[in-house]
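Reading through the structure tokens given below for one structure.
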Amino acid sequence: MANYEVDMNWVNETWEKVSKKMAKVAPEVGAGFPYTTKDGKYVNEHNASWWTNGFWAGMMWLMYKQTGDETYRKIAEKSEEMLDDPMQDFNGLHHDVGFMWLLSAVANYRLTGNELSKTRGMHVATLLAGRFNPQAKFIRAWNGDKIGWAIIDCMMNIPLLYWASDESGDPRFRQVAMMHADTAMRAFVRPDGSCNHIVSFDPETGDILETPGGQGYESGSSWSRGQSWAVYGFTLSYLHTGKQEYLDTAKKVAHYFITNLDETGVPAVDFRSPAGDDMKDSTAGCITACGLIELSKAVPEHEKAIYLRAAMKILQGIDKHCCNYDENEQSIVQKGTEAYFSENGIHIPIIYGDYYFIEALSKLKGNDVLFW
Ligand code: GLY
């Protein structure tokens, strides 16, 4: 395949719009856990343990890395401190401690070497490893009666464990992460490259009991954000371990995702929902674009264009169809969808759309500090 040149004019112009908007919005919002936008303002209607509560800090660290502006660093640090309360709330925590603390404390540690942030990261990594079921070999997702439930999203949480092994020299964290990733390859990824969102295992034997539809259309369909977690997550597991099967799996799920995009570049909420529905999820696009950019760095030279070209199609599609650069309104990426059957969460701005859009742009601008 011929070489592919990223359109750096587009990248730089888009970054300028984002950067100008964030310079106004970040001090307005200050420290906290914004989630969506109502009446032009970021709001959060969730509790302190909500899985998305690290994304704002992550956005601030990305902006700080790219601009050096101390305003962003201060907001990120304060937002990280605000996560100390939920860290004590053992019953409120879940496997998404990866999302929450990789982008807050661990990002801080990676960029500044802050020892307290490292301790926070090691603390929650230990908690995540403690959710591993050694018999059935998966990390338990949620609490309550969902003892045998694992979800594809966890592929983005296990980089916390790779980081903890690298920092401590203790291989147990990486071993747990790899056993979970091996289970995910077997139980979540289907032969055609599509993925289950949820797998319910027998927690004693590891047998698969059922594969509930989760946030997608139905069991057996293809929820695009679940696909996006798989694209980026398996790529990350490959980057952290060098295990070839993870790279092969990342490529397989990426090929499925790319093939199912329409001409807009903005993914459907579910790639196997009934024909004719026009529901989109921009967040799945932003996440996948980040995964594809990393994948393009991991494959041989002659394959890179496949993934970079697809990442650009998605990002430029999101820019054209979903982005709001108006500085009087706080969120950037519109048209995110929480779940196929969500009551109030269809075609709304969601914080992780903004986070991954900014992460993708910063990667294209040369930022090589991986927060995952
Ligand atoms: N991790 C939940 C979601 O992707 O909506």
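The values are calculated or read from the model by the stated rules, or taken from the named source; none is laboratory data. All values derive from a computational prediction rather than experimental measurement. Note that we place each Cβ from the backbone using ideal geometry, even for glycine, and neighbour counts take in every protein chain shown. With ligands, DNA and RNA removed, areas are computed over all heavy atoms of the protein, side chains included. Shrake-Rupley method; radii C 1.70, N 1.55, O 1.52, S 1.80 Å.
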Identify all residues within region 99-113 that are in a helix (DSSP H, G or I) and either among the charged types (D, E, K, R) or open to solvent by 10 Å² or more (accessible area, probe 1.4 Å) (or both); write none if there are none. Tyr109, Arg110, Leu111, Thr112
Quick check on Asp170: is it acidic (Asp, Glu), within 16 Å of the ligand (Cβ to nearest atom), closer than 30 Å to Tyr109 by Cβ and open to solvent by less than 50 Å² (accessible area, probe 1.4 Å)? no
Go through Gly58, Gly98 for me and flag whichever is over 30 Å from Ser200 (Cα atoms) and within 16 Å of the ligand (Cβ to nearest atom). Gly58
Among Val266, Val253, Val199, which is crowded, with 17+ Cβ neighbours inside 10 Å, of a type in the set (Val, Ile, Thr) and over 20 Å from Ala289 (Cβ atoms)? Val199
Within region 336-352, is even one residue under 25 Å from Asn3 (Cβ atoms), crowded, with 24+ Cβ neighbours inside 10 Å and at pLDDT 95 or above? no
Name the pairs whose Cβ atoms lie under 7 Å apart, with the first residue in region 248-267 and touching a residue at least 40 places away in the same chain (Cβ under 8 Å) and hydrophobic (A, V, I, L, M, F, W, C), the second assigned to a loop (DSSP other than H, G, I, E, B) and crowded, with 24+ Cβ neighbours inside 10 Å, and 6 or more positions between them or separate chains? Leu261/Pro267
Please pick out the residue among Gly214, Gly220 that is surrounded by fewer than 16 Cβ atoms within 10 Å (Cβ to Cβ), touching a residue at least 40 places away in the same chain (Cβ under 8 Å) and of a type in the set (Gly, Ala, Ser). Gly220
Residue tally, condition in contact (Cβ under 8 Å) with a residue 40 or more places away in the chain and over 23 Å from Met156 (Cα atoms), over region 273-292: 3
Going through region 327-343 in order, the residues found to be within 16 Å of the ligand (Cβ to nearest atom), under 21 Å from the mean Cα position of the chain (by Cα) and not aromatic (Phe, Trp, Tyr) are Val333, Lys335, Gly336, Thr337, Glu338, Ala339, Ser342
Options Leu161, Leu128: the member that is open to solvent by less than 30 Å² (accessible area, probe 1.4 Å), more than 16 Å from the ligand (Cβ to nearest atom) and either farther than 30 Å from Glu210 by Cβ or assigned to a helix (DSSP H, G or I) (or both): Leu161
Quick test of your reading of the structure: Lys146 fulfils all but one of (1) within 16 Å of the ligand (Cβ to nearest atom); (2) under 25 Å from Tyr256 (Cα atoms). Name the failing condition by number. (2)
What's the number of the condition Asn91 fails, among (1) within 23 Å of Ile151 (Cα to Cα); (2) part of a helix (DSSP H, G or I); (3) open to solvent by less than 70 Å² (accessible area, probe 1.4 Å)? (3)
I need the full set of residues from region 213-240 which are among the hydroxyl-bearing types (Ser, Thr, Tyr), closer than 16 Å to Ile346 by Cα and outside any loop (DSSP other than H, G, I, E, B), in order please. Ser224
Could you list, in sequence order, all residues of region 1-31 that are in a helix (DSSP H, G or I) and farther than 13 Å from Gln330 by Cβ? Met8, Asn9, Trp10, Val11, Asn12, Glu13, Thr14, Trp15, Glu16, Lys17, Ser19, Lys20
Looking at Ala177 and the list (1) surrounded by 24 or more Cβ atoms within 10 Å (Cβ to Cβ); (2) within 16 Å of the ligand (Cβ to nearest atom); (3) among the aliphatic types (A, V, I, L, M), which single condition is not satisfied? (2)
Among the residues of region 275-298, is there at least one that is surrounded by fewer than 23 Cβ atoms within 10 Å (Cβ to Cβ) and within 16 Å of the ligand (Cβ to nearest atom)? yes
Name the residue that is surrounded by the fewest Cβ atoms within 10 Å (Cβ to Cβ), counting only residues in region 37-87 that are acidic (Asp, Glu), under 21 Å from the mean Cα position of the chain (by Cα) and at pLDDT 95 or above. Glu77
